[in-house]
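A short write-up of the structure that comes next.
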Amino acid sequence: MGVYLVSVSPQDWSVPGEDGYGDVASALDAELERRGLPPYAPEVPGAQGWFEEKMSPSMDGFVELCRAQLSPEEGHTLLDWSLLVPFALEEGIELPVGSAYADETLVVGAPYVLALAERLAAALGLPLDLIPATFGNLELTLWFLEGEAEQTAAHRPGPWADDLAAAFYTAVYLRAAQYSLRHGCALTYS
């Protein structure tokens, strides 16, 4: 059990009720239309698989990193979104539809999350060339929690190695935004 960050399939996006995201999809499309924007239509998946990471390490160090590197508004957006969409939004959209862990759904655009995560990665000196980027199931979770991150830190030290949990969340948000943009799909917590 636990909290997972997962990609949303086009099939699940359109299903209403408990088994899908149709209620969120309808509310988002209505709000996008009100703003003069086109509705969100997930891309049909190819052979890319899916994105899934277990959000299990403590977030304390990551929260502190956000406070040190981001404005309060940026930190709120990065820490509190519940739906990441693969297109730009000028600001987060609060939907009056409950999500897995909140009474409302905060929708944020992947380009914005990517920019924030890139800033955090730069501040940490995160070795992105060594951190998995193929988007396999639980790839980052396993890399950080099964010892590879510690081994890499021994050979490539830096601020990122001082708090591997903060580095983990930075990498997860960075790779999630990249995945969302590359594959045209939404991500949420499950």
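The values are calculated or read from the model by the stated rules, or taken from the named source; none is laboratory data. Computed from a prediction, not measured in an experiment: that's the story for all the values here. Neighbour counts are summed over all protein chains in view; Cβ atoms, including those assigned to glycine, are modelled from backbone coordinates with ideal geometry. Each accessible area value is taken on the protein alone, full model and side chains, heavy atoms only, with ligands, DNA and RNA left out. Shrake-Rupley method; radii C 1.70, N 1.55, O 1.52, S 1.80 Å.
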Check your understanding: If you check 117, 100, which single one turns out to be under 16 Å from the mean Cα position of the chain (by Cα) and over 17 Å from residue 177 (Cβ atoms)?
Key -> 100
Review point. Among the candidates 31, 90, 74, which residue alone is part of a loop (DSSP other than H, G, I, E, B) and of a type outside the set (A, V, I, L, M)?
Key: 90
Check your understanding: Could you say which residue among 37, 78 is open to solvent by less than 20 Å² (accessible area, probe 1.4 Å) and not polar (S, T, N, Q)?
Key -> 78
Check your understanding: If residue 24 satisfies every condition in (1) farther than 28 Å from residue 171 by Cβ; (2) surrounded by 14 or more Cβ atoms within 10 Å (Cβ to Cβ) but one, which is the exception?
Key -> (1)
Review point. Of all residues in segment 115-141 being in contact with a strand residue (DSSP E or B) (Cβ under 9 Å, 6 or more places away or on another chain) and either aliphatic (A, V, I, L, M) or in a helix (DSSP H, G or I) (or both), which is surrounded by the fewest Cβ atoms within 10 Å (Cβ to Cβ)?
Key: 138
Practice item. Could you identify the single residue in 175, 182 that is at pLDDT below 95 and of a type in the set (Lys, Arg)? Key: 182
Review point. Hey, residue 64 hits all of (1) open to solvent by 60 Å² or more (accessible area, probe 1.4 Å); (2) modelled with pLDDT under 95; (3) not aromatic (Phe, Trp, Tyr) but one; which does it fall short on?
Key: (2)
Review point. Pick from segment 151-173 the residues that are surrounded by fewer than 24 Cβ atoms within 10 Å (Cβ to Cβ) and touching a residue at least 24 places away in the same chain (Cβ under 8 Å): which of them is nearest to residue 78 (Cα to Cα)?
Key: 172
**Study point:** Only one of 44, 15, 63 that is within 23 Å of residue 135 (Cα to Cα) and without any contact (Cβ under 8 Å) to a residue 60 or more places away in the chain
**Key:** 44
